[in-house]
Amino acid sequence: MTNETSGEKFDLIAIGRACIDLNATEYNRPMEETMTFTKYVGGSPANIAIGSAKLGLKTGFIGKIADDQHGRFIRGYMEKAGIDVSGMVVDQEGHKTGLAFTEIKSPDECSILMYRDDVADLYLQPEEVDEEYIRRANKLVVSGTALAQSPSREAVLKAVHLAKKNGVEIVFELDYRPYTWKSAEETAVYYSLVAQQADIVIGTRDEYDIMENAVGGSNERTTEALFKHAPRIAVIKHGVEGSYAYTREGGTYRAQAYKTKVLKTFGAGDSYASAFLYALVQGKDLETALKYGSASASIVVSRHSSSDAMPAVDEIEALIADQPVLHS
Ligand SMILES: Nc1ncnc2c1ncn2[C@@H]1O[C@H](COP(=O)(O)OP(=O)(O)O)[C@@H](O)[C@H]1O
Ligand SMILES: O=C(O)C[C@@H](O)[C@H](O)C(=O)COP(=O)(O)O
């Protein structure tokens, strides 16, 4: 059973990949020596949807999953998490689920080995993106990786067009993964195209450099260029150094990272995005929204997964209240 009821409004619909993470169960060991992994739902936009649903947002998802055991696991998990999965399409052409093996060599030396050849998510067709579904969203969260290849690229561009047409706010999560992109030029073209149409852009400093096809870019130059177009908010993350939000009106806000016992570094970005967006939906100011994002990320980096580990609102609020001392 899906949560779909005709006409239900969504705080947020995410579009892109829903995959599998296989996280090393043995810590502080290179992948070559790791024998056991635990399976979770993964894929940045799926993680963001799961995090948002766990915080109580009405959440939907658009994406294509494989017609196999992994696809069914993903759909079942997301449904149980309270996500409306009626926009998820099951691939009928034998494409496979994307896998991400994670290596935890040390708390700050983590890497991801992705298996993404011929993955079902990149075969989402434009005709599988439904205008009626998108217009029910307050926000459409677009993952940059879904632009890497056709036909997913066109499906996402259609979704962006439909969001604009129907007054749905577009959140562009740059979510850069090198594996499926063919060239830096191509990445920069599609990233810029969508960023210029988005209302809110979220990414790490490195991801903005990818978008600009430049090295060592500055937040000032990035925001100056973005605010000539549609964006009204740009969030630029700097890992453990914290994050900034800039507004079209000239506001700059900074959040520092919360101290935590780090188990692994991945999952930070997706938990950050879901809690940041949750706070915006609740009408909180930007400075507070940054704190929600940072607190959520610090909780997730102390846990084993990226999706299952997403915190509840009271955990985030308790951390903000209890831990005013942050990483400097
Ligand atoms: N080691 C850490 N300890 C606590 N918080 C962290 C840590 N690393 C990242 N974060 C938090 O997660 C946010 C996003 O992390 P970042 O590494 O920039 O994104 P991504 O995971 O997308 O690469 C940061 O702005 C920070 O608030
Ligand atoms: O996005 C993926 O396909 C892999 C993720 O599921 C994985 O958990 C991860 O890398 C999350 O990292 P983040 O971008 O730092 O949140």
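The values are calculated or read from the model by the stated rules, or taken from the named source; none is laboratory data. Remember, predicted model here, so these are calculated numbers, not experimental data. Reconstructed Cβ throughout: ideal geometry from the backbone, glycine too, with neighbour counts over all protein chains shown. With ligands, DNA and RNA removed, areas are computed over all heavy atoms of the protein, side chains included. Shrake-Rupley method; radii C 1.70, N 1.55, O 1.52, S 1.80 Å.
Scanning segment 61-74 for residues that are open to solvent by 70 Å² or more (accessible area, probe 1.4 Å) and of a type in the set (D, E, K, R), which turns out nearest to D118 (Cα to Cα)?
Looking at the filtered set, the residue picked out is D67.
Return the residue satisfying two criteria in turn: it lies in segment 218-235 and is more than 15 Å from ligand 2 (Cβ to nearest atom) and among the β-branched types (V, I, T), and of such residues it is nearest to S106 (Cα to Cα).
T222
Name the residue, out of D91, D199, D84, D121, that is under 16 Å from the mean Cα position of the chain (by Cα), more than 16 Å from ligand 1 (Cβ to nearest atom) and buried (at least 19 other Cβ atoms within 10 Å of the Cβ).
That would be D121, the only listed residue that is under 16 Å from the mean Cα position of the chain (by Cα), more than 16 Å from ligand 1 (Cβ to nearest atom) and buried (at least 19 other Cβ atoms within 10 Å of the Cβ).
Out of all the residues in segment 241-261, which are within 16 Å of ligand 2 (Cβ to nearest atom) and surrounded by fewer than 16 Cβ atoms within 10 Å (Cβ to Cβ)?
The answer is E241, and nothing else.
Can you tell me which of A159, A188, A184, A198 is out of contact with any Phe, Trp or Tyr (no Cβ under 6 Å at 6 or more places or on another chain) and under 24 Å from K9 (Cβ atoms)?
A159
Does A148 fit the bill of being under 18 Å from E207 (Cα atoms) and within 17 Å of the chain's Cα centre (by Cα)?
yes
If you scan segment 38-60, which residues turn out to be within 14 Å of ligand 2 (Cβ to nearest atom), outside any helix (DSSP H, G or I) and surrounded by 17 or more Cβ atoms within 10 Å (Cβ to Cβ)?
If the condition is that a residue be within 14 Å of ligand 2 (Cβ to nearest atom), outside any helix (DSSP H, G or I) and surrounded by 17 or more Cβ atoms within 10 Å (Cβ to Cβ), then Y40, V41, G42, G43 are the ones that fit.
On the given criteria, is E207 within 16 Å of ligand 2 (Cβ to nearest atom), within 24 Å of A184 (Cβ to Cβ), out of contact with any strand residue (DSSP E or B) (no Cβ under 7 Å at 6 or more places or on another chain) and among the acidic types (D, E)?
In short, yes.
Just wondering, is there one or more residues in segment 280-290 that are crowded, with 16+ Cβ neighbours inside 10 Å, over 22 Å from A195 (Cβ atoms) and within 10 Å of ligand 1 (Cβ to nearest atom)?
No - not one qualifying residue is present in segment 280-290.
Which numbered condition trips up Y190, out of (1) open to solvent by 60 Å² or more (accessible area, probe 1.4 Å); (2) in contact (Cβ under 8 Å) with a residue 24 or more places away in the chain?
(1)
Being of a type in the set (A, V, I, L, M) and at pLDDT 95 or above is the filter; apply it to segment 1-33 and report the residue that is nearest to P107 (Cα to Cα).
Per the stated criteria, the residue is L22.
Check segment 276-284 and report whether any residue there is within 13 Å of ligand 2 (Cβ to nearest atom) and at pLDDT 95 or above.
Yes, some residue in segment 276-284 is within 13 Å of ligand 2 (Cβ to nearest atom) and at pLDDT 95 or above.
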